[in-house]
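Structure first, commentary second.
Since every read-out is calculated from the coordinates, none of them should be taken as a lab result. The shown structure was predicted, so the numbers you read here are calculated from the model rather than taken from an experiment. Note that each Cβ is placed from the backbone with ideal geometry, even for glycine, and that neighbours are counted across all protein chains shown.
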């Protein structure tokens, strides 16, 4: 953490304390906490000492670790994490102040998303923060956000501590995501649309589709080899297929060695640019538990590499390959579907429709 970061925290804390003028008392019983009390005073004092953040949900664990000023995720095999997102959550935790005691009844936890993550389909997030010496600076189950807290312009969040039945409402801005992609550095690659000349898609069963345009000034890609008796269902499909690499971001990432990218189950797509670079994408699809009210979902994982013969383009190709080599990236479903188009899917008989 930088001195500037701590200054921002100090200002935010003053705002929070001034806004949270609530008498704090339990909804039943006599437990009380002094108004404006920080939920994690020890974290406020030791933000610069934070070395690990662990987030546990009903479907996964995410462990973020710091080495020097760099953060990475253990479960993603040490892939770089987004520092600003981690800092935002740490400041949010340190900035929380008690507003009101809520229920002590476990049967009511579900309404506040405060059940243990070990419970199936529980929405609570168990967040633990550790210092470099291993000491615990925060340990809490975070629940629903309470928007538009009365008496303040800020939101609140429901929380409770593990092994403690008491639930609390605290004042503060905080969102600890359940998704790995919200903690990791998400950019994989981005190829400018106007630079793409041709894209060829080869399915494991031998089917091949190619879309291309003749000039960078052309706005539309054409599907090559479309049979005379068929037409495109949607004119936008060739463009969507060709421009998959525009702002391609990950949802998760692992070392490629965890996956089988053998030819018999891998789709291969080559994207060629007008300046002579080729970016190759290899994609597999795997079934996995969804976790959010669905039993199963299909995840698409890709590998990337790039090559170019021209010296002025080769440096860019090497940069892409260096960033992606050895990694497999889970990509959004809509990007995967554009890679995985079939002729039968995107075309229809000429006599169909209007």
Discussion item. Can you give me the C-alpha center-to-center distance between the stretch 320-353 and the stretch 96-119, rounded to a whole angstrom?
Written reply: 42
Worksheet entry | Degrees separating the helix 3-19 axis from the principal Cα axis of the chain, which is the longest one | 60
Practice prompt. Would you mind putting 278-285, 72-79 in packing order, based on average other-beta-carbon counts within 10 Å, highest first?
Written response: 278-285, 72-79
Worksheet item: Pick from 234, 201, 40: which residue has the top mean-square fluctuation in a GNM of the chain where Cα pairs under 10 Å get a spring?
Response: 234
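Relative contact order for the chain using alpha-carbon pairs under 8 Å, separation at least 6, rounded to a whole percent? Show your work: numbers first, answer last.
Details: 729 pairs, mean separation 48.3, N = 354.
14 percent.
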Practice prompt. Go from 0 up to the bin containing the longest alpha carbon distance in the chain, width 10 Å each, and give me the % of pairs per bin.
Written response: 5, 20, 24, 19, 16, 11, 4, 0, 0
Worksheet item: So what's the gap between the Cα centers of the stretch 124-155 and the stretch 251-270, to the nearest angstrom?
Response: 37
Worksheet item: Helix-derived [θ] at 222 nm for the chain: sum -39500 (n - 2.57) over DSSP H runs of at least 4, divide by residue count, nearest 500?
Response: -5500 deg cm²/dmol
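Arrange the following residues from fewest to most other Cβ atoms within 10 Å of their Cβ: 349, 270.
349, 270
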